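Structure record follows, encoded as structure tokens.
The values are calculated or read from the model by the stated rules, or taken from the named source; none is laboratory data. These numbers were taken from a predicted model, which means no experiment stands behind them. In this analysis, Cβ positions are derived from the backbone assuming ideal geometry, glycine residues included, and neighbour counts consider all displayed protein chains. These area figures cover heavy atoms from the full protein model, side chains too; ligands, DNA and RNA do not enter into them. Shrake-Rupley method; radii C 1.70, N 1.55, O 1.52, S 1.80 Å.
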Amino acid sequence: MRTAESLQEEEEERMEVEVDVDVEDEDEEQIHKLRSKATELLLREEYKDSIQAYTQIISLCREIIFRKSPEAAIVAKLQKTLCLAFSNRAEARARLQESTLALIDCEEALRIENSHFKALLCKGKIFLSLNGYGMAMECFKSANLAANGNSDVVNSLLEKCKRFESLSRTGAFDVSDWVLNGFHGRVPELAEFVSSVEIKKSGISGRGMFATKNIESGALLVVTKAVAVERAIVMPQDSGKDAQLVIWKNFIEKVTESATKCSMVRDWLAKLSSGEDDEEGKEVPDIRSFNPEAIIDVFDKNLDKGRLVSILDVNSILENAVSSKVLGKNADYEGVGLWILPSFINHSCDPNVRRVHIGDHVVVHASRNVKAGEELTFAYFDVLCPLNRRREMATNWGFVCECRRCKFEEDLLCKQEMREIEAAMGDLVYRLEEGMRKWMIRGKKKGYLRASFWEAYSELYGCEKMVRKWGRKVPSVESVVDSVVDAVGSDERIVCIFMEGLKRGGVVNGVVEMEKAMKFWRGVYGKVMKKQAMRTLIDSI
């Protein structure tokens, strides 16, 4: 298969013959020198300089056409020169990720010659990089008709487009091989995917994301690539605060660069809120407007730098958050990124979604069963702790959580017995369970309280001696885990206690028990791997 560089050289050789125009010798010599210089710079991957050279060629050809009005045959040859210059400049701009300007150049080239192979190929690659699979396929199909022996290059890109388009429709992602291989090799290529969700006004804060149908635990909801992400290994001897400031500064610069180069990113950023005051006037966007197929354009949307920083402060996501699991080599890094759709997900102390970070992609999935119309929520901080600690963490985030769990526990705290339980340690689990029986607390509310005092439950069920002491006086670990997962979603710490209980009971290989364990683990990792890979991952914890 020929490389892009060899195709470039062949194209330039053809142009050498085509552009022997009968204009003034001075113009002809200047075009020839600029063409040779631009080609050399492009092949040496000096893209900024090559863009300048191609810009000079374009200006000179246009000047000759419009100022000197040469004969029709000469104009036709100059137009071919223009077409190739536009397509080559598009290639250079695409390599610098200047997507909007590169698309403009592709359109200029195709306006001159609508079946120009290089322009179609470049345009298709840009759409593919922006996850516009349908538009990319159309470009590659047209390029295939004009391939002139280069069909192998186009066909491989077409197959990639078809694979991504299928994934974007079905959500049938599978990273099992990568997991089983110990995360060695290339990170799996993921496509953009949006399932049964929509954006609406939220009763929690501003706008939120909602389920449009019943969703089972582990089901994928959103798979999306970061606009930008910044990671660094923070060593123990480093000042954590200073290191995080460096990460944040670099992250802002990356988002700024991306927004400068791509109008699609600017469009997305303009839809995000910069804070509570800004949120009030924001329209609720149709979730389809975030589909690259819908909004790729060349219109400029200015974005103030100060506003951009505020937007990132409100909408950026930490990779090491409690509601996320990072897979692969970036698990050792501290990272912050901007993932557009997940940024609409609000916090709740009874969350129903989690996320898995794979490379620069985020996979958002249900951590428990979700009902149609229910708002999707992350845990911005650790929710397996008592109300007073959650209040402190919410304050640090700049908000007051008023979810149904917090309201329920706040009302319950007025009971003297509950205050005594909160202050106690030793026999806390027993006293809490007795209190719930006395107060006739049922269903999900029971799971709320168990989650709030998970530290005590974890200490009890994680110690064989304490299990022997309290075993008959407290519920089984299975019933406690069931209720907590139903209330606040699956969590790695909860499922680990469940697994320890299975081992202690000698039923770790029981079919029913392992099916339940796998269901819990799917709530942590989502449905992105087969059972064997998930079991391998669990065993490594």
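Under the simplified labelling scheme, the Arg389-Ser115 pair shows an inter-label distance of 7.0 nm, with each label point 7 Å from Cα along Cα→Cβ.
Residue by residue, segment 490-502 carries 3J(HN,Hα) couplings of 6, 8, 4, 5, 5, 5, 4, 5, 4, 5, 5, x, 5 Hz when phi is fed to the Karplus relation 6.51 cos²θ - 1.76 cosθ + 1.60 (θ = phi - 60°); x denotes Gly or Pro. Counting Lys and Arg as +1 and Asp and Glu as -1 over every other residue whose Cβ lies under 14 Å from the Cβ of Gly134, the net charge comes to +3. Two numbers describe the Cα atoms of segment 311-443: Rg and Dmax, which are 17.4, 50 Å. Measuring r between the beta carbons of Leu145 and Asn396 and using R0 = 51 Å, the FRET efficiency lands at 0.30. Taking a straight line from the alpha carbon of Lys141, these lysines sit under 24 Å away, with near neighbours fewer than eight places off in the same chain left out: Lys80, Lys118, Lys123, Lys125, Lys160, Lys162. Within segment 189-251, the ratio Rg/Rh, alpha carbon atoms throughout and Rh by Kirkwood, equals 1.15. Extension gain for the segment Glu63 to Gln97, taken as residue separation times 0.36 nm less the Cα-Cα distance, is 9.4 nm to one decimal. Beta-bridge orientation, the chain: approximately 80 percent antiparallel, per DSSP, counting only bridges with both partners inside.
Can you bin segment 231-280 into rounded, prolate or oblate? Criterion: square roots of the alpha carbon gyration tensor eigenvalues sorted a ≥ b ≥ c, rounded for a/c under 1.5, prolate for a/b above b/c, oblate for the rest. Oblate is the answer for segment 231-280, as a/c is 1.5 or above yet b/c matches or exceeds a/b. Packing around the peptides 470-482, 76-88, taken as the average count of other Cβ atoms within 10 Å per residue, puts them in this order, highest first: 76-88, 470-482. Please work out whether segment 308-364 counts as rounded, prolate or oblate from its C-alpha gyration tensor, where a ≥ b ≥ c are the square roots of the eigenvalues and a/c under 1.5 means rounded, while otherwise a/b larger than b/c means prolate and anything else oblate? Oblate is the answer for segment 308-364, as a/c is 1.5 or above yet b/c matches or exceeds a/b. Between the entries (i) 26.6; (ii) 24.0; (iii) 27.8, the label attached to Kirkwood radius over Cα pairs in Å calculated for this structure is (i).
Estimate the FRET efficiency between Asp332 and Gln532 by the formula 1/(1 + (r/R0)^6), using the beta-carbon distance for r and 22 Å for R0, to the nearest 0.05. Efficiency, from the Cβ-Cβ distance: 0.35.
For a label point 7 angstrom out from the Cα of Ala270 toward its Cβ, which stretches of segment 76-108 have the backbone nitrogen within less than 15 Å? Under 15 Å, as judged by backbone N against the label point of Ala270, lie 100 of segment 76-108. Taking the accessible area of the chain, probe 1.4 Å, and keeping the other protein chains in place, the carbon and sulfur fraction comes to 49%. Sorting 435-441, 447-453, 135-141 by average packing, meaning the other beta carbons within 10 Å per residue, from highest down gives 447-453, 135-141, 435-441. Annotation for Glu198 and Asn250: the two label points, set 7 Å from Cα along the Cα-Cβ direction, are 4.2 nm apart. Label separation (Leu413 vs Lys465): 3.4 nm, computed from points 7 Å beyond Cα along the C-beta direction. Per-residue ellipticity at 222 nm, computed for the chain from helices alone with -39500 (n - 2.57) per DSSP H run of at least four residues, works out to -17500 deg cm²/dmol.
For segment 98-211, the Kirkwood radius over C-alpha pairs fed into Stokes-Einstein at 25 °C and 0.890 mPa s yields D = 149 µm² per second.
For the listed peptides 527-535, 40-48, a ranking on the average number of other beta carbons within 10 Å per residue, highest first, reads 527-535, 40-48.
Using only the C-alpha atoms, the convex hull of segment 23-70 corresponds to 51 Å³ per residue.
Note on segment 428-541: Kirkwood radius taken over Cα pairs, Stokes-Einstein applied at 20 °C and 1.002 mPa s, translational D equal to 146 µm² s⁻¹.
With the convex hull drawn around the C-alpha atoms of segment 95-148, the volume per residue stands at 64 Å³.
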